Amino acid sequence: THAGATRLFAKGVTVSNTHTHGSADPAAWVACNAMGLSLFLRGEHDEAEAILGQAQRHCEHLSEQGLINDAFSDICGVLNDRAANLICARNALRTQDAVGMLKRAKFMAERAYRPNHLLIDSLHGNLAVALMQVNELDEAFDLAKRAVRTGDAMEAVMTGVQDKSSRGTRRALEHVGHSKSLAVLALIAVKTGQMQEALATARRAHEALESL
């Protein structure tokens, strides 16, 4: 259960904070991030924001000390989780904060040493949702289209991979992300009055989920 997971992660956060004493503990940001996500899934958005904020600070501290391999991707992942939590809180001011976080994360993720395309696709989708909520529909539509194009490209690449062991989990994640991007694009198309595109895109999202 989410409650049990939260209690378990809380213990990890306590141990990490006790161990740290001002120095960087490589486990601290992971424990905080996991606990924050568990609180987010329980709908406890204020508590989740506080813990995910701790995760970001731990991650940035590690980055400053050169103790993580790909700091850009790790920090971007935490920012993405924080923003998703704030978007779901359904508060206009918090959604504006989420927009800022996602734009920062997008800038960093696209410049990472080894760009994580699943993360970038997720950032585009979440930023599109946040922009839609603050009524920046043109920019939201462009980002949603970009996320769908990226998903289409990844789908084409994975379809050509013959080694099933390379396709399993990654392709499932890409499928879920791609169907979300399609659904977001369909919703924005409805809001901008593009009903034909909305209908066609919604059908594609449904087909993508059905094929999982």
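Looking across segment 133-143 at every residue that is of a type outside the set (Asp, Glu) and under 19 Å from LEU79 (Cβ atoms), the one that is surrounded by the most Cβ atoms within 10 Å (Cβ to Cβ) is identified as LEU143. A single entry from LEU86, LEU62 fulfils the requirement of being within 18 Å of the chain's Cα centre (by Cα) and open to solvent by less than 40 Å² (accessible area, probe 1.4 Å): LEU86. Taken as a whole, the condition of being of a type in the set (D, E, K, R) and modelled with pLDDT of 90 or more does not apply to ARG170.
Among the residues of segment 95-124, the one identified as under 16 Å from LYS145 (Cα atoms) and acidic (Asp, Glu) is ASP121. Every listed requirement among (1) open to solvent by 40 Å² or more (accessible area, probe 1.4 Å); (2) modelled with pLDDT of 90 or more is met by VAL148 save one, (1).
Just one of the listed residues (ALA112, ALA130, ALA105) is more than 20 Å from PHE40 (Cα to Cα) and surrounded by 15 or more Cβ atoms within 10 Å (Cβ to Cβ), and it is ALA112.
The values are calculated or read from the model by the stated rules, or taken from the named source; none is laboratory data. Treat the numbers as computed from the prediction; the structure is a model and nothing was measured. All Cβ positions, even for glycine, are placed from backbone atoms using ideal geometry, and neighbour counts span all protein chains on display. Keep in mind that these areas ignore ligands, DNA and RNA; they rest on the heavy atoms of the full protein, side chains included. Shrake-Rupley method; radii C 1.70, N 1.55, O 1.52, S 1.80 Å.
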